[in-house]
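The values are calculated or read from the model by the stated rules, or taken from the named source; none is laboratory data. For clarity, every value in this text was computed on a predicted model and none was experimentally measured. Every residue, glycine as well, gets a Cβ built from its backbone with ideal geometry; the counts of neighbours run over all protein chains shown.
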Amino acid sequence: MPSSILNDWSGWLPRLLDGLLVSLQVTGLSLVLGFSLGMVFALLSSSRFRVVRRPSVLLVEVGRGMPALVMLQLVYFGLPSAGITLDTFPATVLALTLTTAAYTSEIIRAGLRAVPAGQLEAAGALGLSKADVTRFIVTPQGLRIALPTLMGFAILIFQISALAFSLGLPELLSQAYSIGAATFRYFDILLLAGLLYLAITIPASWLVGRLEKRLAMHL
Amino acid sequence: MEHVGPILAAAPVTLGVTAACLAVGALLGMVLLSGRRSRSWVVRTLSRMVIDVLRGIPPIVFLFIVFFGIGSGAIRLAPFEAALIGLGLISAAHLAEIYRGSLLAVNRGQFEASQALGLGRTTTYVRVIGPQAMRVAIPGMVTWAISLLKDSALVSTIGVAEIMSVANQDARASGSSLTPFIVAALIYIALGTPLAFLSRCLERRLGVTGGR
Amino acid sequence: MTAHTPDHPIPILRLEGVCKAFNGHVAVDDVFLEVEMGQVVAIIGSSGSGKSTLLRCINLLDVPDSGRITVDGQPTHVQGGVSTRELMRLRRKVGMVFQSFNLFPHLTVLRNISFPQERVLGRSRVAADARSMALLERVGLTAKADSHPPRCSGGQQQRVAIARALALDPKIMLFDEPTSALDPELGLEVLAVMRQLADHGMTMIVVTHEIHFAADVADRLVVMAEGRIIEQGDPTSVINEPQVDRTRTFLSAIRDR
């Protein structure tokens, strides 16, 4: 009997791998766009000017406060009412990008805040201008501090990409579910899908752990 | 505005699911934690693997495995039960890690002092280490509770009648499908904000300076 | 005592009526202090005496609530706030060395010293690096030029911190408990560098617990308690024959340790 499961698995695998590819593509694209947008939000949320800061902080809080599922469905099912109709792939990328940007902004800001105060004092005592301190002392170290958390978040976004099945995006979970619906062998196929997800997330988490240790050594 | 009523009425279900899964997770998390710290290498490794799997698998995939995979075969699981098991186990894994971190944060000297005083293992953990570890763990637990609140939206996909499923129904029924989702989003934010505020207050009051 | 004692002392630092309170607690209480060029002043006192705060008021890391600070003839009134320009101008003349070194860990030792020269003084990379190497030679750390601070011992880091402050050619050097975070042996390396600096005529104000250093190197010993200067004078005299009871108590407590 075990061998028959493996047989089925090898039969289903090609479709699942197609789905996995879509999952990875959607994740990768969302991360690139989301990290970039997140840095912009980090800057805006730290601005001295209330006019800039308040809306930015508000957007970030909304982005972080709503479940990713809601963001996905709002973008795909909801926006057409407002005249913006997107296909499943772009909609998923947009939703995940916005979520990523919101979390990234806070992760980066926390990293910047974590730079030891003593260094800011030393920099000030040396006569370095505030702009120089931000540019050369706070930002390089702050980003370094934020990096492991950002990497951890990237893994999270990959997990969240599975929610796009509810939009009909042909990613990994979608493929697994439709095979399940056709064969009624839900457990077997979902197990395989789960293993594929774990095959990415577990090694990735381990790498992030290693990175964290290496960075802790230097700072 | 007629959208708000029914969606808001589902909020207690969302809160109920979150609270129940949190409770399950808080208890089972301790089981996983003791497994992780067991003297037996086999139990330790097994616990680590279970925790890694539960934290590495997308929650929705695990939920589907529990509901469609297990829960529609020999054992029939109601949506709420499946949600409890699925999100409860995932919570257990995350909380086990939070507990583990909090124990590490307690000064080694506390344990040694207890030993030197001749306090037994149970007393040491319950009266000395435990309370100190809890102070460190609570902010982390609140943070997880907030995540869980958002993850609870997933259970709409297996049929639990909480905020998202009502919002979905509403969107399908009425013409405008943007409003229900916006309302849902706002309700989640409204539910989560007091928790976030609580977390910040707790962190300040408990005087916890986090390691990175 | 230092080798150089100017015949016509020029006050390079004058603090007048400096007050600083934190949350209602008075840390520095109406202090008057004058320091001449080339003098080495050691400030001692128990914790909470306000000595660190006083030092930090000199380069405005803590901005006093009231008073006047005159550095090299340039007065700065703190009433009503200090403009960024005044702040920068003052800090250019005053260098500071911290208890926790505060080197920039993501830059090499050489860059730690060169980078502020480039940004604050506008020196070219080549000129800055040359000066940095010269200073590293003075503190005996040329071998560490390309290392990062976390790879250096505490004593080495503090010597680099001294070099970093010196690179900007300050008129006054402030030291905030420079050896308190160091093992005694490592502390000695740092004190040796400071001694050398004093011999070369640098004006130094040192908050310290090292009574021996104060006795050997300082021209003047200032004793603080509760935000006030309670006694000051020649170090040997103050240590052996304290005029004020408080000083007596403090000194005997240290001695008994």
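Within region C:120-133, how many residues turn out to be touching a residue at least 12 places away in the same chain (Cβ under 8 Å) and among the polar types (S, T, N, Q)? Break it down stepwise before answering.
As a first pass, look at region C:120-133 and keep what is touching a residue at least 12 places away in the same chain (Cβ under 8 Å): C:120-121, C:128-129, C:131-133.
Filter again for among the polar types (S, T, N, Q), leaving C:132.
Matching residues across region C:120-133 total 1.
Taking region B:148-181 as the range and being facing chain A (nearest Cβ under 7 Å) and aliphatic (A, V, I, L, M) as the test, the residues that pass are B:Ala153, B:Leu154, B:Met164, B:Ala171, B:Leu178. Selection of region A:77-121 for residues being assigned to a helix (DSSP H, G or I), surrounded by fewer than 23 Cβ atoms within 10 Å (Cβ to Cβ) and within 14 Å of chain C (Cβ to nearest Cβ) yields A:Leu112, A:Ala117, A:Gly118, A:Gln119, A:Leu120, A:Glu121. Would you point out the residue of region C:201-239, among those that are small (Gly, Ala, Ser) and not in a loop (DSSP other than H, G, I, E, B), that is farthest from C:Leu174 (Cα to Cα)? Step by step, filter region C:201-239, then rank; the result is C:Ser237. For region C:161-208, the set of residues classified as of a type outside the set (Val, Ile, Thr), more than 18 Å from C:Arg92 (Cα to Cα) and touching a Gly at 6+ places or on another chain (Cβ under 6 Å) consists of C:Leu182, C:Leu186, C:Glu189, C:Gly201, listed by residue number.
With respect to the stated conditions, B:Val53 fails to be buried (at least 20 other Cβ atoms within 10 Å of the Cβ), within 12 Å of chain A (Cβ to nearest Cβ) and assigned to a helix (DSSP H, G or I).
List the helices (runs of 4 or more DSSP H) inside region C:58-145, counting only whole elements, that have at least 3 residues being out of contact with any Gly (no Cβ under 6 Å at 6 or more places or on another chain), at pLDDT 95 or above and more than 22 Å from A:Ser129 (Cβ to Cβ). Quick ask: steps written out before the conclusion?
Values: elements: C:84-93, C:109-116, C:125-139.
Fully inside region C:58-145 and qualifying: C:125-139.
Restrict the check to region A:122-143 and report whether at least one residue is within 13 Å of chain C (Cβ to nearest Cβ), closer than 30 Å to A:Leu21 by Cα, modelled with pLDDT under 95 and touching a His at 6+ places or on another chain (Cβ under 9 Å). No. Restricting attention to region C:46-55, does a residue exist that is outside any strand (DSSP E or B), within 14 Å of another protein chain (Cβ to nearest Cβ) and basic (Lys, Arg)? For region C:46-55, residues outside any strand (DSSP E or B), within 14 Å of another protein chain (Cβ to nearest Cβ) and basic (Lys, Arg): absent. Summed over region A:187-219, residues that are within 12 Å of chain B (Cβ to nearest Cβ), part of a helix (DSSP H, G or I), more than 21 Å from A:Val22 (Cβ to Cβ) and over 24 Å from the mean Cα position of the chain (by Cα) total 2.
Considering region A:43-73, and only residues there that are in a helix (DSSP H, G or I) and basic (Lys, Arg), the residue that is nearest to the other protein chains (Cβ to nearest Cβ) turns out to be A:Arg64.
Just to check your reading of the model, which residue among B:Thr179, B:Thr193 is more than 17 Å from A:Glu61 (Cα to Cα), of a type in the set (S, T, N, Q) and out of contact with any strand residue (DSSP E or B) (no Cβ under 7 Å at 6 or more places or on another chain)?
Sole residue among the options that is more than 17 Å from A:Glu61 (Cα to Cα), of a type in the set (S, T, N, Q) and out of contact with any strand residue (DSSP E or B) (no Cβ under 7 Å at 6 or more places or on another chain): B:Thr179.
Among the helices (runs of 4 or more DSSP H) confined to region B:59-135, the ones with at least 1 residues that are aliphatic (A, V, I, L, M) and either touching a Ser or Thr at 6+ places or on another chain (Cβ under 8 Å) or at pLDDT 90 or above (or both) are located at B:59-64, B:79-105. Restricting attention to region C:91-119, the residues that are closer than 21 Å to C:Met202 by Cα and either within 9 Å of chain A (Cβ to nearest Cβ) or in contact (Cβ under 8 Å) with a residue 60 or more places away in the chain (or both) total 11. Of all residues in region B:190-204, those that are facing another protein chain (nearest Cβ under 9 Å) and more than 25 Å from B:Pro79 (Cβ to Cβ) total 2.
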